[in-house]
Structure formats: C-alpha cells, structure tokens
Amino acid sequence: LPLALFLNAPLARASTTITVTSMSDVIASDGLCTLREAIIAANTDAAFNGCPAGSGADTIILPAGIYTLTISGVGEDNGLTGDLDIKQNVTIQGNGATLIRDEGVELFRFFELMYNSALTLENMTLQNGDEQDDWGGAIYASGANLTLNRVRFVNNQADNGGAIYLTFGALT
C-alpha cells in the first residue's frame, strides 16, 4: 500500500473484557461491577464505577446466577433506568445466568439496541420482560443486529413481539 493510504487508515480499536462482579442492579461507586454498569462502560468506552473502560466491540462476562433487574424507569437511553440500552457492539456471555425483571416494579424490557449497534447474547435466560402497550417484551432493536446463542425466553410479553421486536436489522 502507498504510505499515504496506510497513514490515513482508521485504527482498529482493541476490545475489552468486562467481568460482572455483583448480581445487584445498582449504580454505585462501590468498587463492584454490575451488569448495568458494565453495559454503561462498554457504551461509553470509559471506566464506570467498578468496571473497566470498554474499547470497541466489548465482551461482558456474566457469571452464572440470577440477576434481578429492579431499577425501573422509561424515557432515557443511557441504561441508567429500566431497560439496558446497547449503543456499541457488545457480547454478553451468560454462563447459564438468568435475568429476571422484578415483577414489583414498573414494566420494562431487558435490552434496547440503538441504531447501528450489535448485541450477541450467549447461554442465558431472559424472564418476565414486559413492555405492555409497546414492542419487544425482552428485546427491542431498530437498525441494529442481534445474535442469540442458547438464549431462553420465559414469560416475556408485549403488544408486539412478546420476546423480540426487530426492525431494520438482522437476527441470527
């Protein structure tokens, strides 16, 4: 390649592996890394509370166990409340984990994939996602790509797409 092309080529960003160390659904500067905090770190490519900075297409390691999502809320797209908003390319290795929406809180789905993002979920269960009067009880994706490997959906509901609602993207 001519040197000019080489110098102007975009740099490939290395990916980061972020390991979740707490099953709680909190945002706290406590040195622990929750799933919600790990997704925020991956989305922003910056360290967040107890999670290392994401970088490029990140992998989140979710140890086996039950993770109950308890922070309800709607209308924000940064994953601080309600659904876990995906803004980058992220893989979540579930290792048999189960994500459950606390039935005592306001209705919300598990994941919302933002335009031009991609999410791969592996070896996990999504249970009790609920977007009554909306789309995608567990996952909503518009203009994004979703890959599922050994993912189980249990008791998720919505008016459209009880488990998944996908527009303008790919589902594998």
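Structure data summary
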| item | result |
| --- | --- |
| Count - residues of region 113-164 that are in a strand (DSSP E or B) and under 15 Å from the mean Cα position of the chain (by Cα) | 22 |
| Residue match in region 48-65 (condition: modelled with pLDDT of 95 or more, of a type in the set (D, E, K, R) and over 29 Å from Ala158 (Cβ atoms)) | no |
| Checking Asn78 against (1) more than 21 Å from Ala53 (Cα to Cα); (2) open to solvent by 40 Å² or more (accessible area, probe 1.4 Å); (3) at pLDDT below 95; (4) touching an Asp or Glu at 6+ places or on another chain (Cβ under 7 Å), the condition it does not meet | (1) |
| Where a residue in region 47-68 is free of Cβ contacts under 8 Å to residues at least 24 places away in the same chain and its partner, wherever it lies, is buried (at least 17 other Cβ atoms within 10 Å of the Cβ), with Cβ under 6 Å and at least six apart | Phe48/Glu37; Phe48/Ile40; Phe48/Ala41; Asn49/Glu37 |
| Test: residue in region 84-93 that is farther than 25 Å from Ala14 by Cα and open to solvent by less than 50 Å² (accessible area, probe 1.4 Å) | no |
| Flag for Thr17 being surrounded by fewer than 18 Cβ atoms within 10 Å (Cβ to Cβ) and over 26 Å from Gly161 (Cα atoms) | yes |
| Some residue of region 94-103 being of a type in the set (Lys, Arg) and either surrounded by fewer than 16 Cβ atoms within 10 Å (Cβ to Cβ) or closer than 21 Å to Gly169 by Cα (or both) | no |
| Residue in region 132-155 that is among the basic types (Lys, Arg), on the phi < 0 side of the Ramachandran plot and at pLDDT 95 or above present | yes |
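The values are calculated or read from the model by the stated rules, or taken from the named source; none is laboratory data. Remember, it's a predicted structure, so these values are computed and weren't measured experimentally. We place every Cβ from the backbone using ideal geometry, glycine too, and count neighbours over all the protein chains shown. We work out accessible area using only protein heavy atoms, side chains counted, and drop any ligands, DNA or RNA first. Shrake-Rupley method; radii C 1.70, N 1.55, O 1.52, S 1.80 Å.
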